[in-house]
1. Kindly list, by first and then second residue, each pair from a residue in segment 110-127 that is closer than 11 Å to residue 142 by Cα to a residue that is more than 7 Å from the ligand (Cβ to nearest atom) and in a loop (DSSP other than H, G, I, E, B), limited to pairs with Cβ atoms under 7 Å and residues at least 6 apart or on different chains.
2. Pairs under 7 Å by beta carbon, first residue closer than 14 Å to residue 80 by Cβ in segment 20-38, partner assigned to a helix (DSSP H, G or I) and not polar (S, T, N, Q), six or more apart or different chains?
3. So which residues in segment 42-71 are modelled with pLDDT under 65 and at positive phi?
4. So, restricting to strands (runs of 3 or more DSSP E) that lie completely within segment 76-184, which ones have at least 2 residues that are away from the ligand (no atom under 16 Å from the Cβ) and modelled with pLDDT of 75 or more?
Amino acid sequence: RHRGFERIRGRLQRTGTQSAHRTIQQMSGRESRHVRNTLHEVANDIIDEALECDCEYIAFENLRHIRDRAPRVKEFHQWAHRQLVDMVESKADAEGLRVVYVSPENTSRRCPECGHTSEGNRIARSEFECQSCGETGNADYVGAKNVGWRYVRRGLQSSRRTDDSQLALKSGTVTPNRGFVPSD
Ligand SMILES: [Zn+2]
């Protein structure tokens, strides 16, 4: 939708008439209201899901830069991401949830099952297929899993004194060797 808006705005700008200018202003207002509403909806969905699943933490990639995007779109995505994170932070605060950040490195290329990391795992924009173990999934979901795992592993590393150290989650436990084991 944003790309469509930019295309039309570019065309109107080139005509350069006063009525084109007015149309651009009207469209910009509508566009920014749409974006704000959408981001609020997404932020509310994230908070609702966290509460439903009894989560204490919401993990985000620390995105100083979003990869694989054309420069102009990238700017918009960065801005939208920052807005979303700010909204989630303030809503989370009101609900007693904590927002944490992890490195975005390889979150879209790493297999959450076997750890194999390769550009080739991302077989299409929305599809993930591990070239080593064959695990498949929606690419965004796989990326989100990796973000969550990265935060969980950080907790493991700081408490890894013995081989059988484990991290207790409400839904189960995570150990360095066996990965996630659900509680029942
Ligand atoms: Zn794999």
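The values are calculated or read from the model by the stated rules, or taken from the named source; none is laboratory data. Computed from a predicted model, the values in this text were never measured in an experiment. Cβ atoms come from the backbone with ideal geometry, glycine included; neighbour counts cover every protein chain shown.
1. Correct list of pairs: 121/109; 121/131; 122/108; 122/109.
2. Final answer for the pair search is 31/5; 35/80.
3. 68
4. 98-102, 179-182
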